[in-house]
Amino acid sequence: MTSRPGYVPPLGPEYGPPSSPENATSGTGAMPFHEALRAAIAASGLSLDRLQDRLLRRGTPVASATLSSWQSGRYQPERQRSLAALAVLEDVLRLPPGALTGLLGPPRPRGRWLPPDGDHPDLARAWSDHHDLTAALAALDTRWDDSLTRLSCHNRVDVDADRRVRSMTSRRLLRAEADGADRWIALYRLDTPGPLPYFRVAVPARLGTVLELPEEGLVAAELLFDRRLARGETVIVDYTVEHRDPRPYSQRAETTIHVPMREHLLEVRFAKECLPRTCYSFRTNGLGPRPRAGRPREQRLRVDASGSVHAVALGAGPCRVGIRWVWG
């Protein structure tokens with residue numbers, strides 16, 4: 001759950017009046033791809049979120065954050081799925097076929113330490129429903145997020161006999177898709193106001209910069225690998241988030257998955273002397289305060305002999321998955 005480098009400013013009057021999309025995408029001296037895209041979007045009157053929804057309905061999903069990065073010139077679509085989505089976007093914007101794809105330059109260099117272009121919501125979008133966290137999260141080096149494929153994640157939440165969350169332990173398996181990745185960004189958010197927790201990182205990784213945002217109930221940390229990864233290498237990252245007293249009283253555990261993940265396992269382990277009456281797993285179909293699918297899908301869970309329940313999500317993201325429980 002991390003962010004790509006830099007900040008893409010929102011559209012505003014500083015860009016000046018948009019040009020005609022027909023003029024922007026044809027003829028001698030055609031404007032660059034990102035300017036033509038920005039002009040076409042402005043002429044359509046559609047917001048980035050509405051464009052995201054239309055692309056999703058057409059079977060070519062692209063996050064609004066990615067559309068923003070395309071029209072700012074930060075990135076350009078290069079992967080096959082991005083190019084397929086761009087062709088659909090031309091139709092949505094009522095442009096002639098090839099009007100935008102014909103303006104793309106050659107693929108940008110992907111040198112030894114260059115991360116690839118991104119196609120997913122960034123950290124700030126995924127983790128804040130109400131405030132823009134981009135400026136705050138700039139204190140962390142998040143540039144390698146799109147270079148790390150999430151293969152699997154196992155999160156275990158421990159709840160004590162006082163019905164308070166003691167800790168959350170996480171193990172992640174990541175694969176580098178480009179040379180140079182040297183860290184993973186971990187984030188943890190409190191459900192209720194209280195003291196922020198702290199991170200314990202298992203070797204060979206070590207703790208880097210830690211960012212605390214008490215007003216957001218959010219703590220983020222760089223987990224540094226013991227070396228830079230080569231493309232195709234995998235790495236296991238283990239860490240624990242420990243709560244300080246007074247530990248939070250909670251009735252849910254939730255994970256934000258802002259990019260696709262092959263396997264996600266969420267486990268909640270209760271003290272045997274204080275088990276919940278009922279438990280349910282839940283999953284949304286998107287991120288943000290109002291996911292497109294409305295209410296999360298729920299499924300009843302049974303507490304096993306060890307006092308644990310778990311929920312598995314395969315091929316999930318972007319979404320939120322979690323477990324909620326009701327005390328007796």
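The values are calculated or read from the model by the stated rules, or taken from the named source; none is laboratory data. The structure displayed is predicted, hence computed values, not measured ones. We place every Cβ from the backbone using ideal geometry, glycine too, and count neighbours over all the protein chains shown.
Output yes when any residue across the stretch 227-238 is over 15 Å from L174 (Cβ atoms) and assigned to a strand (DSSP E or B), and no when none is.
no
Taking the residues in the stretch 93-105 that are under 29 Å from the mean Cα position of the chain (by Cα) and surrounded by fewer than 19 Cβ atoms within 10 Å (Cβ to Cβ) as candidates, determine which candidate is farthest from T60 (Cα to Cα).
Among residues in the stretch 93-105 that are under 29 Å from the mean Cα position of the chain (by Cα) and surrounded by fewer than 19 Cβ atoms within 10 Å (Cβ to Cβ), the one farthest from T60 (Cα to Cα) is G105.
What's the total number of residues in the stretch 209-225 that are over 16 Å from L174 (Cβ atoms) and in contact with an Asp or Glu (Cβ under 6 Å, 6 or more places away or on another chain)?
2
Are any residues in the stretch 166-191 closer than 16 Å to L148 by Cβ, in a loop (DSSP other than H, G, I, E, B) and among the aliphatic types (A, V, I, L, M), and if so, which ones?
Hits for the stretch 166-191 are A178, A181.
Scan the stretch 304-324 and tell me whether some residue there is surrounded by 13 or more Cβ atoms within 10 Å (Cβ to Cβ), over 26 Å from the mean Cα position of the chain (by Cα), modelled with pLDDT of 95 or more and assigned by TED's automatic domain parsing to the domain that holds S167.
Looking through the stretch 304-324, at least one residue is surrounded by 13 or more Cβ atoms within 10 Å (Cβ to Cβ), over 26 Å from the mean Cα position of the chain (by Cα), modelled with pLDDT of 95 or more and assigned by TED's automatic domain parsing to the domain that holds S167.
Provide a single number: the residues in the stretch 192-225 that are in contact with a strand residue (DSSP E or B) (Cβ under 8 Å, 6 or more places away or on another chain) and not in a strand (DSSP E or B).
8
Yes or no: the stretch 126-147 includes at least one residue that is within 27 Å of V312 (Cβ to Cβ), part of a strand (DSSP E or B) and at pLDDT below 95.
Within the stretch 126-147, not a single residue is within 27 Å of V312 (Cβ to Cβ), part of a strand (DSSP E or B) and at pLDDT below 95.
Search the stretch 248-269 for residues that are farther than 15 Å from T284 by Cβ and pair each with any residue that is of a type in the set (K, R) and at pLDDT 95 or above when their beta-carbon atoms are under 7 Å apart and the residues are at least 6 apart or on different chains.
Sorted first by the residue in the stretch 248-269, then by its partner, the pairs are P248/R164; Y249/R163; Y249/R164; Q251/R324; E267/R156; R269/R156.
Take the stretch 152-172 and flag every residue that is surrounded by 15 or more Cβ atoms within 10 Å (Cβ to Cβ) and of a type in the set (A, V, I, L, M).
Matches in the stretch 152-172: V157, V159, V165, M168.
Okay, residues lined up against (1) buried (at least 21 other Cβ atoms within 10 Å of the Cβ); (2) among the aromatic types (F, W, Y); (3) at negative phi; (4) in contact (Cβ under 8 Å) with a residue 24 or more places away in the chain:
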{"site": "S44", "(1), (2), (3), (4)": "no, no, yes, yes"}
{"site": "R57", "(1), (2), (3), (4)": "no, no, yes, no"}
{"site": "A63", "(1), (2), (3), (4)": "yes, no, yes, yes"}
{"site": "S68", "(1), (2), (3), (4)": "no, no, yes, yes"}
{"site": "S72", "(1), (2), (3), (4)": "no, no, yes, yes"}
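Look at the stretch 163-181 and say how many of its residues are modelled with pLDDT of 95 or more and under 19 Å from L140 (Cβ atoms).
3
Hey, can you tell me all the residues within the stretch 201-245 that are modelled with pLDDT of 95 or more, more than 23 Å from S147 (Cβ to Cβ) and either under 22 Å from the mean Cα position of the chain (by Cα) or surrounded by 13 or more Cβ atoms within 10 Å (Cβ to Cβ) (or both)?
Across the stretch 201-245, the qualifying residues are T240, V241, E242, H243.
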